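As structure tokens, the structure follows; a few thoughts come after it.
The values are calculated or read from the model by the stated rules, or taken from the named source; none is laboratory data. Please read all numbers here as calculations on a predicted model, not as lab measurements. A quick note on method: Cβ atoms are made from the backbone with ideal geometry, for glycine too, and the neighbour counts reach across all protein chains shown.
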Amino acid sequence: MIALLVLLIIGIPWVGAVLVWLTGDSHPRAQHTLAVTAAVAAGLVSLALLPYTASKAVVGFSLGGVFGDFYFAPDGLGVFLAVVATVIGSLAVIFSVDYMRGEAQLGRYYGLVLFFIGAMVGLVLTSNLLLLFVFWEITALCSYGLISFYNDDPKAVAGGMKALIITQLGGVGLLVGAILSYSYLHTLDINVFLANAHTLPADVLAMLAFGLLIAAAAKSAQFPFQTWLPDAMEAPTPISALIHAATMVNAGVYLLARFYPAFENVPYWRVAVMAVGVVSALMAGLMALVANDLKRVLAYSTVSQLGYMVYAVGAGGIFASQFHLLSHSVFKALLFLAAGAVIHSVGTRDMRLMGGLGKKMPLVRAVFVIGALALAGIPILNGFWSKELVLEVGLEAGIETGTLWMWAVMLFTAGLTALYTFRCVWLVFYGEPRSELHVHPAGTAMKIALIPLAAATFVTWLLAGRFGKMLADSLPFHKIDNIATNTLAVTILTSPATWAALAAVGLGLIIWWQRAQLTFFSEMLAGVGHVAQASFGFEAINRWIVRQMQGVAEDLRGLHTGNLNWNIFGIAAGLVVVLLALALGATR
Amino acid sequence: MIGTVALIAILGLLGIGLYALLIMRNMIKVVVALQIMVKGAMLAMVMAGQVAGKAAIGESMALTVIVADTIVAVVALALAVQVRRRFGTLDIKALSTLRR
């Protein structure tokens, strides 16, 4: 039964992907229907899997030898992320019916989206490191294909390539981890690895821990790899909501959370993870404050919020990080989809050209404001509870590890989040219209996708207790406090961290409200703004690396003679080197 | 004794084939060199089968190689004919269009 459900969640989207592809682009109606059916079916099946979480593998096949057993284990962490991927995936697909209406090549679009959903589910449910790596790369490939969906736009193509290259770089870290695990423990099974990690030599374990941190940082667009996510915004907006806000970018956080028990005692690892989160959160927050492109603001805020999750993992709060992940997936998908409705309606992403759109699209304004309030951390919305939980865990870890300054930065970032969120809402929906934009209201399919997400923003935090229990029951190696929702709520409301954060949020709000009186303040910070607009020099570093690579390639071009004799010589020389290496390895 | 002879033959064939591949510029001769090398490899398979006491496997591998190798030769020679007709030369250096 469980085995069938697991296979169905991966199988339905993949079969759907093939069918949509085969339907052909001359039948767009059939393609829309098929894609929505497959996505919704996968979402329903994954919800049906929720009561059956188990820590043991339930289905799979054994390849034997080096590859190990390709098994799927539906534990709490995996099932939770599978539900997020498929439910938000189905809403994004429903939204696409309106957003992509009339676009050419829908087969490619829906095919990749459904392929992605299946791969994402596989990624979180598998218990085999190598299979994890395979799914990890499939999601990267789909992300690349969808960012570059408008393949006649050079910016979209460049953004896709950038995302692919940077996430591949992280994938190497994961592959190295898998190989090290196999060569020292003779297993690729994650649970066996977690049980035996303490037997590894300290330096190998450290290498693994930091390798996986690099993989996670690249996938989750964390410092210093954060540059790919803003450029990924060239993708159609439902894709940004699904892949670049709610699911794929969470894979890094998932990886860190999954392997946390093995690495928590590696020297400096926890502090490094926290530092990555803190730096990303702060930098991305500042960049969000100065960006003028609506989707880029949301992308920077995604990086910033992912920073909170990574920080929470480093602080030891696995539950806090996953809880914030849940909240963030819901409200950020909502924000992106609402932004998509705006962009689809007015045809531009530049917030300087918008303004006063609220009167013309009241529903979109309402849901966007709900999402924005959740992002800013205003009480009773889900973002409030999870962010406060992260900050509370961070405060404890800060006292324990002597990193209170990190907590202070995160608190500051909470205020910053409120500030840039209000700026964004104001620029788009309030004030006077700054240019003549033709506006049409959101379509039915868009509303069907937006309203459940807006409702979920109010209620997902009520599931905290059950969610914690699910994680605690099915994750044998993680220490997760199993507390009921009401106890959790009381804990959060009575924690000093909460009040400090609320004060920061209030301060952010006041600064935005009083911005006219605070011009001296903004002038003072103009320098920071300029640096933030230049993405703190990371774009320049990226370009420098690309130029260096091109230079090296140009230098190596001399080897590319096109002469058979030289090629044969190269092959023979390579063979000799391999044989020598093998001979040396055999004698050692 | 027969093993030593076979080993010398294998190394000789492989060596001659490699040497020819390294210096030949005529496409037909390249194909011939390749054939010589493959014959060495084939002999090595048969011998490896004998040494490991699994003669049948070694010989059946060799038979498989004969088939594959013949196809390679046929296709390569057909290509060579077309190249000669189209470009008027079989010199692989002259045929290369890569900028240097």
Scan segment A:266-300 residue by residue and report those that are in contact (Cβ under 8 Å) with a residue 24 or more places away in the chain and not in a helix (DSSP H, G or I). A:VAL266, A:PRO267, A:ALA291, A:ASN292, A:ASP293
Within segment A:572-588, considering residues that are closer than 29 Å to B:SER96 by Cα and within 14 Å of chain B (Cβ to nearest Cβ), the one surrounded by the most Cβ atoms within 10 Å (Cβ to Cβ): A:ALA572
Which of the residues spanning segment A:197-213 are closer than 11 Å to A:ALA262 by Cβ and surrounded by 18 or more Cβ atoms within 10 Å (Cβ to Cβ)? A:ALA197, A:LEU200, A:LEU205, A:LEU208, A:ALA209, A:LEU212
From the list A:ALA119, A:ALA104, pick out the single residue that is modelled with pLDDT of 90 or more and either touching a strand residue (DSSP E or B) at 6+ places or on another chain (Cβ under 9 Å) or closer than 18 Å to A:VAL20 by Cβ (or both). A:ALA119
If you go through segment A:545-571, how many residues are at the interface with another protein chain (Cβ under 9 Å from one of its Cβ atoms), more than 14 Å from B:LEU18 (Cβ to Cβ) and either surrounded by 10 or more Cβ atoms within 10 Å (Cβ to Cβ) or of a type in the set (D, E, K, R) (or both)? 5
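Is there a residue being of a type outside the set (Asp, Glu) and in a loop (DSSP other than H, G, I, E, B) anywhere in segment A:202-217? Spell out how you get there, then give the answer.
Of all residues in segment A:202-217, those of a type outside the set (Asp, Glu) come to A:202, A:204-217.
Applying the additional criterion that residues be in a loop (DSSP other than H, G, I, E, B) yields none.
No; the residues of segment A:202-217 include none that is of a type outside the set (Asp, Glu) and in a loop (DSSP other than H, G, I, E, B).
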Considering A:ASP98, A:ASP75, which residue is at pLDDT below 90 and more than 24 Å from the chain's Cα centre (by Cα)? A:ASP98
Return the residue satisfying two criteria in turn: it lies in segment A:396-445 and is modelled with pLDDT under 80 and among the acidic types (Asp, Glu), and of such residues it is nearest to A:ALA275 (Cα to Cα). A:GLU432
Result of the Cβ filter at 8 Å on segment A:301-316, keeping first residues that are over 13 Å from A:LYS219 (Cα atoms) and partners that are among the acidic types (Asp, Glu) and in a loop (DSSP other than H, G, I, E, B), at least 6 apart or interchain, is A:GLY316/A:GLU264
Identify, from the list B:LEU43, B:LEU18, B:LEU13, B:LEU7, the residue that is closer than 22 Å to A:PHE569 by Cβ, away from chain A (no Cβ under 14 Å) and either crowded, with 16+ Cβ neighbours inside 10 Å or modelled with pLDDT under 95 (or both). B:LEU13
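For A:LYS469, indicate whether it is basic (Lys, Arg) and under 28 Å from A:VAL36 (Cβ atoms).
Details: basic (Lys, Arg): yes; under 28 Å from A:VAL36 (Cβ atoms): no.
No: the conditions fail for A:LYS469.
Which one of these is small (Gly, Ala, Ser) and on the phi > 0 side of the Ramachandran plot: A:ALA221, A:ALA178? Step through it out loud before you land on a result.
Working: A:ALA178 fails: on the phi > 0 side of the Ramachandran plot.
Only one candidate qualifies: A:ALA221.
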For segment A:123-159, enumerate the residues that are in contact with an Asp or Glu (Cβ under 9 Å, 6 or more places away or on another chain) and over 22 Å from A:ALA3 (Cα atoms). A:ILE147, A:SER148, A:PHE149, A:TYR150, A:ASP153, A:LYS155, A:ALA156, A:VAL157, A:ALA158, A:GLY159
Those residues of segment A:395-433 which are aromatic (Phe, Trp, Tyr) and under 19 Å from A:MET351 (Cα atoms), in sequence order: A:TYR420, A:PHE422, A:TRP426, A:PHE429, A:TYR430
Every listed condition ((1) within 14 Å of the chain's Cα centre (by Cα); (2) over 19 Å from A:ILE571 (Cα atoms); (3) buried (at least 18 other Cβ atoms within 10 Å of the Cβ); (4) not hydroxyl-bearing (Ser, Thr, Tyr)) holds for B:GLY58 save (1)
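Among the candidates A:LEU353, A:LEU294, A:LEU357, single out the residue that is buried (at least 24 other Cβ atoms within 10 Å of the Cβ) and more than 28 Å from A:GLY173 (Cβ to Cβ).
Numbers: A:LEU353 fails: buried (at least 24 other Cβ atoms within 10 Å of the Cβ); A:LEU357 fails: buried (at least 24 other Cβ atoms within 10 Å of the Cβ).
Being buried (at least 24 other Cβ atoms within 10 Å of the Cβ) and more than 28 Å from A:GLY173 (Cβ to Cβ) holds for just one of A:LEU353, A:LEU294, A:LEU357, which is A:LEU294.
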Check B:VAL32 against each of (1) within 14 Å of another protein chain (Cβ to nearest Cβ); (2) over 26 Å from B:VAL5 (Cα atoms); (3) not small (Gly, Ala, Ser) and name the one condition it does not meet. (2)
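This table checks each residue for (1) crowded, with 22+ Cβ neighbours inside 10 Å; (2) of a type in the set (A, V, I, L, M); (3) modelled with pLDDT under 90; (4) within 30 Å of A:ALA209 (Cβ to Cβ).
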residue	(1), (2), (3), (4)
A:SER304	yes, no, no, yes
A:TYR311	yes, no, no, yes
A:ILE318	yes, yes, yes, yes
A:SER329	yes, no, no, yes
A:VAL346	no, yes, yes, no
A:LEU363	no, yes, yes, no
Conditions (1) out of contact with any helix residue (DSSP H, G or I) (no Cβ under 9 Å at 6 or more places or on another chain); (2) away from chain B (no Cβ under 11 Å): number failed by A:ASN542: (1)
(1) over 21 Å from the mean Cα position of the chain (by Cα); (2) closer than 20 Å to A:ALA445 by Cβ; (3) touching a residue at least 24 places away in the same chain (Cβ under 8 Å): which one isn't true of A:PRO362, the others all being true? (3)
Read through the list (1) on the phi > 0 side of the Ramachandran plot; (2) within 14 Å of chain A (Cβ to nearest Cβ), then give the number of the only condition that B:GLY88 fails. (2)
Helices (runs of 4 or more DSSP H) (entirely within segment A:1-105) containing at least 3 residues that are surrounded by fewer than 21 Cβ atoms within 10 Å (Cβ to Cβ): A:2-23, A:28-49
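Of all residues in segment B:67-83, count the ones that are more than 14 Å from every other protein chain (Cβ to nearest Cβ) and either among the aromatic types (Phe, Trp, Tyr) or within 20 Å of B:ILE23 (Cα to Cα) (or both). Steps first, answer last, please.
Going through segment B:67-83, the residues more than 14 Å from every other protein chain (Cβ to nearest Cβ) turn out to be B:67-75, B:77-78, B:81-82.
Subsequent filtering for residues that are either among the aromatic types (Phe, Trp, Tyr) or within 20 Å of B:ILE23 (Cα to Cα) (or both) retains B:73, B:77.
Result for segment B:67-83: 2.
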Does A:PHE323 satisfy the condition of being closer than 24 Å to A:VAL439 by Cβ, surrounded by 21 or more Cβ atoms within 10 Å (Cβ to Cβ) and of a type in the set (Phe, Trp, Tyr)? no
Single unsatisfied condition, B:VAL30 versus (1) surrounded by 15 or more Cβ atoms within 10 Å (Cβ to Cβ); (2) without any contact (Cβ under 8 Å) to a residue 60 or more places away in the chain; (3) under 23 Å from A:ALA572 (Cα atoms); (4) among the β-branched types (Val, Ile, Thr): (2)
